[in-house]
Each structure stands twice: as structure tokens, then as C-alpha cells.
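**Q** Take this structure first; my questions come after.
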Amino acid sequence: MSPLWLRALLLIALVWLIAGGTIWWARSSTPTPESIVRYVAKHPLAGQSQKERAKRLEEVAEQLNQLDYEQRREMRVRRQMDEFFRSLTPTEQGQFLEQTLPSGFRQMMEALNKMKPEKRKQFVGRALDEMKKEEGQDLPEGAIESLDANARKIMDQGLKSFYTEASADTKMDLAPLIEQMQKNLQGMR
């Protein structure tokens, strides 16, 4: 084999080695729900300085924001982050929500936009049934006014995402859900 062919083969092998290493590194550094749960368990916030708590909070939020919609939904369903969230101070909870809500709601709107209209209507139908069960139920005096700042952030971000991220078809399909939510809220006041 001539030296030119040998160099070409070595160069190709080097390129493939670099590409393979890059792919392996990218896959191993991409967070998964399991890796986030492990990180949170391995790095408890109790006893940490304010600076260290803020750093960990930001790291968890950054990892959570890299998950796709289905992964985040599964974590919510399994309530895998509940203990972590409860370990935060009210101020930290607000910061965590500010860091994670926009991307979470954006992903949810994208998922709704991509749903087939029939499936989206089924989703709306189930949600409407649940909300109608709640309609007319009396809450304690001042319950709406006493919603904490975090609950208001969630509601505000959700509506903002709905109005800015949802497609026209999604908005039309979700309109009955928004109307029912308004009815329920007005009935509670």
C-alpha cells in the first residue's frame, strides 16, 4: 500500500473516531428523567449554603428544560420532582418555576399543535368533563385571592403560552376549555 493510501485510511479512521466520540459524549451528557432524579437524590439541598442551593436549582432547571414533552409529562405523572420542589423555599420555588415553566408550556403547546384534530378534541372532551365536575363547587371565602404567587405564575405562563404558541386550530379546539375555566373561576368568586 502506498503511503498516500495509508494516510487517507488513517485520516478516515481518525475522523470516524472523533465523530463516534462526539456522538457518545453528546448522548451521555443529554439528561434523562432518570439522570435528573439521580442527580437530585445525590445532591440534596438540605444543609447547603444559599449560593450552593441556587447553583443546584439552576442545574436541575437546565437539565429539566432539555427533556422533551413526553419525558417531562411522565415525570409529572410519576411525581418524581415533588420532593425536590417541596425542599425549596417559596422564593426558590418561584425561581424554579420561572426557569422551567416557559419551556414546559411551549413544549405542551407544540404537542397540542402536532396532535391530530380528533385526538385533540378527545383531550379537550376529557378535560371539559373534569372541569364540569368542579363547576359550582364552593371554595372557602377568599380562596381565589389567596392563590399564592407560584400558582399565579403557573396560570399566567399557561395562558401566555396558549395565546402566543398555539396554532389557530389548537386555539379553536381549546376554546371550550378556556371558557369552562373562566366559568369555574367566576363561579368561585
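**Q** Quick check for me: using +1 on Lys/Arg Cβ and -1 on Asp/Glu Cβ, what's the dipole size of segment 33-88 about its Cα centre, in debye to the nearest 20?
**A** With only Lys, Arg, Asp and Glu charged at Cβ, the dipole is about 220 debye.
**Q** Anything over 20 Å Cα to Cα? Flag those among K116/K160; K42/K153; K114/K171; K116/K171; K133/K160; K114/K183, in the order listed.
**A** The answer is K116/K160; K42/K153; K133/K160; K114/K183.
**Q** With each label point set 7 Å from Cα along the Cα-Cβ vector, what nm distance links F85 and S167?
**A** So the label points at F85 and S167 sit 2.9 nm apart.
**Q** Can you list the HN-Hα couplings for segment 170-177, worked out from phi with the Karplus curve (6.51, -1.76, 1.60; θ = phi - 60°), rounded to whole Hz and with x for Gly and Pro?
**A** 3J(HN,Hα) across segment 170-177, in whole Hz: 5, 4, 5, 5, 8, 3, x, 5.
**Q** Just want the ordering: I36, I12, from fewest to most Cβ atoms lying within 10 Å of their own Cβ.
**A** I12, I36
Laboratory data are not the source of any read-out in this text; all were calculated from the coordinates shown. Keep in mind the model is a prediction, meaning the values are calculated, not measured. Cβ atoms come from the backbone with ideal geometry, glycine included; neighbour counts cover every protein chain shown.
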